[in-house]
């Protein structure tokens, strides 16, 4: 009887463990997407993958809120006045052909964003204010990420 209980407990434990990691916030497998051809969307995904890997913020929540910030467009050399253009407008502008990315610079920038550590992330994102992306500009190396110049 005890052997059956132990086996049953092991089976139940295996069921719980098998569900771990698929889209759990804070896990590297919480990917935001990579299939977009839109350079601004790729940047959004790169940011949000790091944020979701280091915090409990999901990619969905991050992408929904990051596109609202007006703080980052100029950090990627989008030719707009500082703090004047929501990131969603940049995404739409890329789709419309208004903003064109240098693909070589974009690739280097994506790599740089992907290398942001969880400790570094604290300089640009505060999980206690999960809809506030105003300081993510502190994470952008504008020597590397002048994508739209």
Selection within the range 110-125 - surrounded by 17 or more Cβ atoms within 10 Å (Cβ to Cβ) and in a helix (DSSP H, G or I): 110, 113, 121
Do we find a residue being under 19 Å from residue 41 (Cβ atoms), under 15 Å from the mean Cα position of the chain (by Cα), in contact (Cβ under 8 Å) with a residue 24 or more places away in the chain and surrounded by fewer than 16 Cβ atoms within 10 Å (Cβ to Cβ) anywhere in the range 79-96? no
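Going by what's in this entry, would residue 46 be described as under 12 Å from the mean Cα position of the chain (by Cα), under 15 Å from residue 121 (Cβ atoms), surrounded by fewer than 17 Cβ atoms within 10 Å (Cβ to Cβ) and modelled with pLDDT under 95?
So residue 46 does not fit the description; no.
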Quick one: how many residues across the range 74-109 are at pLDDT 95 or above and either in contact with a strand residue (DSSP E or B) (Cβ under 7 Å, 6 or more places away or on another chain) or not in a loop (DSSP other than H, G, I, E, B) (or both)? 18
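The values are calculated or read from the model by the stated rules, or taken from the named source; none is laboratory data. None of these values were measured; they are calculated from a predicted model. So basically every Cβ, Gly included, is an ideal-geometry build from the backbone, and we count neighbours across all protein chains shown.
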